[in-house]
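Working notes, structure below.
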Amino acid sequence: MTVDKIALVTGANRGLGRSAALALATRGVRVVVTHRGDAAGADTTVEQVQAMGGTAAALRLDISDVSSFASFTSELGAQLERWGTSRFDILVNNAGVGVFGPLETVTIDDFDTVMGTNVRGTFFLIQSLVPLLAQGGQVINVSTSLTRHASPATSVYSASKAAVEALSRTLAAELGPRGIRVNSIAPGPTATDFNGGAMRDDAGMRQVLAGQTALGRVGEPEEIGDAIATLASEGMRWVTAQRIEVSGGALL
């Protein structure tokens with residue numbers, strides 16, 4: 001990977017998005033980090049990238065608001081111009097939401113929020129940004145190990161991510177003639193602040209989940225970030241339309 005590469009990582013103000021941004025920056029990639037409203041968190045990610053000698057910028061983006069994508073695309077174009085280019089190379093669709101609960105508690109608003117953000121938002125953001133994506137670029141969509149194994153009270157979230165995986169395979173075929181690779185990364189239980197930080201802060205939950213993995217522990221966000229950066233590297237240039245699980249062997 002060369003320093004000429006540019007990545008856009010959504011939801012990079014914290015958690016897996018921040019880890020992905022830092023892992024890419026470590027490999028010499030310039031990074032645009034987005035946030036929905038946590039400007040301070042995004043600025044922290046930018047500062048961490050700069051502290052390691054990298055280059056980064058932060059932009060606001062709410063992927064649930066499809067109507068904002070045209071203006072965001074213009075803002076991204078302006079940022080790319082400041083960096084002396086008109087194209088970027090790597091789109092990491094990390095931003096998303098999770099609403100969890102058993103069948104009888106899920107509301108229509110819950111369902112629409114999850115599907116509208118994770119599926120509708122992801123699809124139309126890709127549609128908006130593909131014209132700026134370089135020949136031979138790539139899209140990496142963040143999914144979940146829950147599309148392979150079942151867990152109670154996760155039905156809507158899991159379904160939304162299964163849709164993202166199907167979307168990834170189809171778009172790999174559509175964008176392949178431009179040399180664009182499209183893949184999905186499926187993290188397993190990881191110690192982040194997602195879902196209230198339960199997998200990071202609840203020792204009992206961590207113990208249970210650790211016992212369900214082949215490697216005997218919960219994952220760390222840096223391990224997901226490294227996997228994303230590796231998938232984005234030239235060493236994986238012949239990989240497209242794939243779902244790559246990064247779960248430590250969860251629930252085999």
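Based on the Cβ-Cβ distance from Ser233 to Asp65, what FRET efficiency comes out when R0 is 30 Å, to the nearest 0.05? Before the final figure, lay out each step's value.
Numbers: r = 32 Å, r/R0 = 1.07.
With a Förster radius of 30 Å, E is 0.40.
In sequence order, what are the phi-derived ³J(HN,Hα) couplings for segment 11-17 according to the Karplus relation 6.51 cos²θ - 1.76 cosθ + 1.60 with θ = phi - 60°, rounded to whole Hz, with x for glycine and proline?
Once rounded to whole Hz, the list reads x, 8, 7, 6, x, 5, x.
Using the Cα gyration tensor of segment 14-95, with a ≥ b ≥ c the square roots of its eigenvalues, what is the shape: rounded (a/c below 1.5), prolate (a/b larger than b/c) or oblate (neither)?
Working: a/c = 1.77, a/b = 1.22, b/c = 1.46.
In terms of gyration-tensor shape, oblate.
Please list the non-local residues whose amide H lies under 5 Å from the amide H of Glu245, H modeled 1.01 Å from N, same-chain partners needing a gap of 5 or more.
Ala186
Ignoring ligands, DNA and RNA, what percent of the accessible area of the chain is carbon or sulfur (1.4 Å)?
Values: 6080 of 11240 Å².
It is 54 percent, rounded to a whole number.
Solvent-accessible area per residue for the chain at a 1.4 Å probe radius, Å²? Write down the numbers at each step before the final one.
Details: 11240 Å² over 252 residues.
Ligands and nucleic acids excluded, the result is 45 Å² per residue.
Go ahead and estimate [θ] at 222 nm for the chain from helices alone: -39,500 (n - 2.57) per DSSP H run with n ≥ 4, summed, over the residue count, rounded to 500.
Values: 9 runs with 99 residues, N = 252.
Computed ellipticity for the chain at 222 nm equals -12000 deg cm²/dmol.
Extension gain Thr26-Ala39, at 0.36 nm per residue separation less the Cα-Cα distance, in nm? Display every interim value, and only then the final one.
Details: separation 13, 0.36 × 13 = 4.68 nm, distance 2.21 nm.
That pair, Thr26 and Ala39, stretches by 2.5 nm at full extension.
Counting only C-alpha contacts under 8 Å and six or more residues apart, can you give the relative contact order of the chain as a whole percent?
Working: 510 pairs, mean separation 48.8, N = 252.
The normalised contact order for the chain reaches 19 percent.
Given 0.36 nm per residue, what is the gain on full extension from Phe111 to Ala241 after removing their alpha carbon distance, in nm? All intermediate terms of the calculation are to be shown ahead of the outcome.
Details: separation 130, 0.36 × 130 = 46.80 nm, distance 2.68 nm.
Gain on extension, Phe111 to Ala241, equals 44.1 nm.
Which net charge results for the neighbourhood of Gln138, defined as the other residues with beta-carbon distances under 11 angstrom from its beta-carbon, given Lys and Arg at +1 and Asp and Glu at -1?
On the way: positive: Lys5, Arg178, Arg181, Arg237; negative: Asp89, Glu234.
With Lys, Arg at +1 and Asp, Glu at -1, the net is +2.
Just subtract the alpha-carbon distance of Arg169 and Ala203 from 0.36 nm times their residue separation and send over the number in nm, one decimal. Mind dumping the intermediate values first?
Values: separation 34, 0.36 × 34 = 12.24 nm, distance 3.66 nm.
Gain in length upon complete extension: 8.6 nm.
In percent, what relative contact order does segment 1-101 have, based on Cα pairs under 8 Å that are 6 or more apart in sequence? Walk me through the numbers before you get to the answer.
Numbers: 181 pairs, mean separation 31.6, N = 101.
Normalised by residue count, the contact order of segment 1-101 is 31 percent.
What ³J(HN,Hα) values, in whole Hz, does the Karplus curve 6.51 cos²θ - 1.76 cosθ + 1.60 give for segment 222-235 when θ = phi - 60°, with x put for Gly and Pro?
After applying 6.51 cos²θ - 1.76 cosθ + 1.60, I find 4, 6, 6, x, 5, 5, 5, 5, 5, 4, 7, 7, 5, x Hz.
As I understand it, the dipole of the chain uses +1 on the Cβ of Lys and Arg and -1 on the Cβ of Asp and Glu, about the Cα centre. Which of Asn13, Ala162, Leu133 lies farthest toward its positive end?
Leu133
Would you indicate which of (1) 50, 37, 37; (2) 72, 44, 35; (3) 64, 35, 31 is the value of Cα extents along the principal axes in Å derived from the coordinates of this structure?
Among (1) 50, 37, 37; (2) 72, 44, 35; (3) 64, 35, 31, the one calculated here is (1).
How far apart, in nm, are the 7 Å Cα→Cβ label points at Glu47 and Glu81?
It works out to 3.0 nm between the two label points.
The values are calculated or read from the model by the stated rules, or taken from the named source; none is laboratory data. Because the structure is a prediction, the values reported are computed rather than measured. Positions of Cβ are backbone-derived with ideal geometry, glycine not excepted, and every protein chain shown enters the neighbour counts. These accessible areas exclude ligands, DNA and RNA; they are computed on the full protein's heavy atoms, side chains included. Shrake-Rupley method; radii C 1.70, N 1.55, O 1.52, S 1.80 Å.
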